1. For the pairs Lys219/Lys304; Lys56/Lys89; Lys49/Lys247; Lys251/Lys367, flag any whose C-alpha to C-alpha distance is greater than 32 Å.
2. Please arrange Cys73, Cys185, Cys206 by how many other C-beta atoms lie within 10 Å of their C-beta, fewest to most.
3. Return Phe58, Phe143, Phe27, Phe309 ranked ascending by Cβ neighbour count within 10 Å, so the fewest neighbours appear first.
4. Please state the relative contact order of the range 20-151 as a whole percent: Cα pairs under 8 Å, 6+ residues apart?
5. By counting other Cβ atoms within 10 Å of each Cβ, how are Ser339, Ser66 ranked from fewest to most?
6. List the residues whose amide H sits under 5 Å from the amide H of Gly132, counting only those 5 or more places along or on another chain, with H placed 1.01 Å from N in the peptide plane.
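Values in this text are rule-based calculations from the coordinates and carry no lab data. The structure presented is a predicted model; accordingly, all values stated were derived computationally and were not measured. Here Cβ is always computed from backbone atoms with ideal geometry, including for glycine, and neighbour counts include all displayed protein chains.
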Amino acid sequence: MFILEYQLRGKESQFRAIDESIKTVQFVRNKCLRYWEDQKGIGQKDIYKYVTALRKEFSFVKDLNSTACQQACERTWTAILKFYTNCKKQIPGKKGYPKYSKRTRSVEFKKSGWKLNRNTKRITFTDGKNIGELKLIGSRDLFYFQQWQIQRVRIIRRVNNYFVQLILKLDPRDITPQLEPTKQCVAIDVGLKYFYADSNGETVECPKYYRKSEKRLNKLNRRKSKKFKKGQKQSKNYIKARKKYAKRHLKISRQREEFAKEKALRLIQSNDLVAYEDLKVKNLVRNKKLAKSINDVAWSLLRKWIEYFGLKYGRLTIAVPPHYTTSDCPSCGKRVKKSLSTRTHICDCGIPVLDRDYAGSLNILKKATSGHGGSWSDEILDLNAWGDSTSILIGSNTCQSKSDR
Ligand SMILES: [Zn+2]
């Protein structure tokens, strides 16, 4: 799936109509959840029927495009299913009981309810909410895909602007020039001290602005909380403070995204294979000491972009199980236990003293390459052997089915 995003330009009344649509989406979602809670043991079909009934009962629900209604209901159903699966798997801790949404920010259409004019770069929403025609602001050309490839159209409200996302079904390799093989492999280890250390012995520092903007963010958050009045109507100053905080938040998340994107692209461009640990961010955060130093958000972003660019440019990306990658010796394989404060890897097999994260990345590379007979080079060059997806999760079913093929 590809997502193209454009800012929307239109009249104030049109944005109010968008707000109204988003409100309706929230109404449908919460109604569906309540229905599920009241009627124990209902299935997806029952919930669909319920939405049809809602459309008959409330005219403002009927005004919203039917696919958008359906989408709202599907969102709730996905949340319910996720909760069921978590219960079945008996995962420890919270099971993610579906919540009522208070701040829905988007409305999603499927194949109807909108019309795109690619010549004038305008989109028209045609349902009963009367959003009308809006101009798309953005540099991305609308002509490099076919209209039928648009699977979904999503309107999102963010702090003070409205955006539209076109969700396309494309084979990324159709539109991206393939890169020449580099015959290089790399593994990265998310560090405590660094953003990551790679198996070539290089490290990437955490960007300094993280700390700086974090401080500023906390300050804005405190300012916001001071103005909050429990159980009363909020003052103008509170709303102002909340907006400021939200704006800063958006800025930081964009900075993070840019940073991760840039690093991921560089890794993919200069290597045929990128290996990393299959870390569960949840496990990391549970360790409070670690959570502060590992920028878990940044790491999951980096992984997301590595996998994205890997697919886009036809490179292999491999997630290896994270067990013992920091303790094992990359040379002899002996388990050398380390505390969190131990910064180096020392082993009596004669391997020189290594930085802990560097040793970790060597182990990750070893795990990524040894599971497949030790020789990657031919397979790397023959990417077609891997089918559609070049993202591989070692030790999982995906990997099994790939090697069985
Ligand atoms: Zn050793």
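1. Beyond 32 Å: Lys56/Lys89; Lys49/Lys247; Lys251/Lys367.
2. Working: Cys73 24, Cys185 20, Cys206 17.
In order of increasing Cβ crowding within 10 Å: Cys206, Cys185, Cys73.
3. Numbers: Phe58 15, Phe143 8, Phe27 18, Phe309 23.
The order, fewest Cβ neighbours first, is Phe143, Phe58, Phe27, Phe309.
4. On the way: 139 pairs, mean separation 34.3, N = 132.
It rounds to 26 percent for the range 20-151.
5. Details: Ser339 5, Ser66 17.
Ascending number of Cβ neighbours within 10 Å: Ser339, Ser66.
6. HN-HN under 5 Å from Gly132: Phe125.
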